[in-house]
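So the structure is just underneath, and the comments pick up after that.
What follows is calculated from the coordinates using simple rules that are stated; it is not laboratory data. Because the structure is predicted, anything quoted here is derived from the model rather than measured. Ideal geometry is used to build each Cβ from the backbone, glycine not excepted, and the neighbour counts take in all protein chains shown.
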């Protein structure tokens, strides 16, 4: 329900300004319990304007779904944040010749593991349009067994798709299921996120956006396979906004303890950045507040999700074009926190 006319106007102006740079996008926001959603541009070749129910590949915003599944297991006492990840992979030689890497290290990008699994860079050169296609969980674990950590775990921030993908596969192993089923059972199901999926269902196909390059040319969707825990979900602005609202009001719904746990800072990367379980925590420029956020990008999609828990503000931007939407998301967040105007471009 859009009861806040000022909120709806800010969201609309943000979407229409960004439509100059994107084939299509949807902007959504919540403030004080009221919501607004506005789409602009085109969802695909037919010219349909995207809306809150249009599906986009959300890229690395997927990571905060994987880390929420971790938090759910921790709050139930099934594992701890200091549990070594090696325990989930008995096929590895034991002990591995390096300091133990824990689930918390993987969830905070402080494991020292590289950004990409071994061999993926060469794979990407061979199949540029779909760089992770064909990578199996077994490939991922074997690569981990061969990998030498670049820094002692817990010492340095090193953003790692490999690390979060490994975390997702480790959680799935412990649960005796696939990562896709795990996220459905632990996160999207309890939170009522019916349109957040690893594989777009037949009944969703007519709402699926077409990805585009930065030059607005249609491009193939990425198939993340074993790296899906780090970037493989599809979702809608409505669902991601519901996800943010669950974080803003954790005591009013499912997973309250886990939703609080993922918001606690765990690792300081530098003067401006702290890392929670998946979420990044940075000062919101021009304000006295900080914002929890994550962004994402695949071959034809970019995404942003952020929230300010003390003020009850959240922002989602989903685009079907390979252009960053971070600035748009942060500027709208600042405007909603401070009451300032939304930039026109």
query = What FRET efficiency do you get for residue 270 and residue 327 if R0 is 22 Å and r is their Cβ-Cβ distance, rounded to the nearest 0.05?
reply = 0.65
inquiry  = What three numbers, in Å, describe the spread of the alpha carbons of segment 5-338 along their principal axes, ordered from the longest?
reply    = 59, 43, 36
ask   = Using the Kirkwood formula over every pair of different C-alpha atoms, what hydrodynamic radius in Å results for segment 130-201?
value = 14.2 Å
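So between residue 51 and residue 133, what do we pick up on full extension, going 0.36 nm a residue minus the alpha carbon distance?
Working: separation 82, 0.36 × 82 = 29.52 nm, distance 2.90 nm.
Extra length available between residue 51 and residue 133 comes to 26.6 nm.
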query = Anyone know which of 229, 202, 220 comes out most mobile in the 10 Å Cα GNM of the chain?
reply = 202
query = Which distance in nm do the two modelled labels at residue 76 and residue 217 give, with both placed 7 Å along the Cα-to-Cβ direction?
reply = 4.7 nm
note = Working note, segment 205-345: Cα radius of gyration (Å, one decimal) and Dmax (Å, whole number) are 15.9, 45
request  = Name the residue, out of 226, 40, 17, whose mean-square fluctuation peaks in a Gaussian network model built on the chain with Cα pairs under 10 Å.
outcome  = 17
request  = Based on other C-beta atoms within 10 Å, arrange 303, 110 from fewest to most.
outcome  = 110, 303
ask   = Taking the chain as a Gaussian network, where each spring joins two C-alpha atoms under 10 Å apart, which residue of 75, 66, 54 fluctuates the most?
value = 75
Extension reserve of the residue 338-residue 310 stretch, reckoned as 0.36 nm per residue once the Cα distance is removed = 8.8 nm
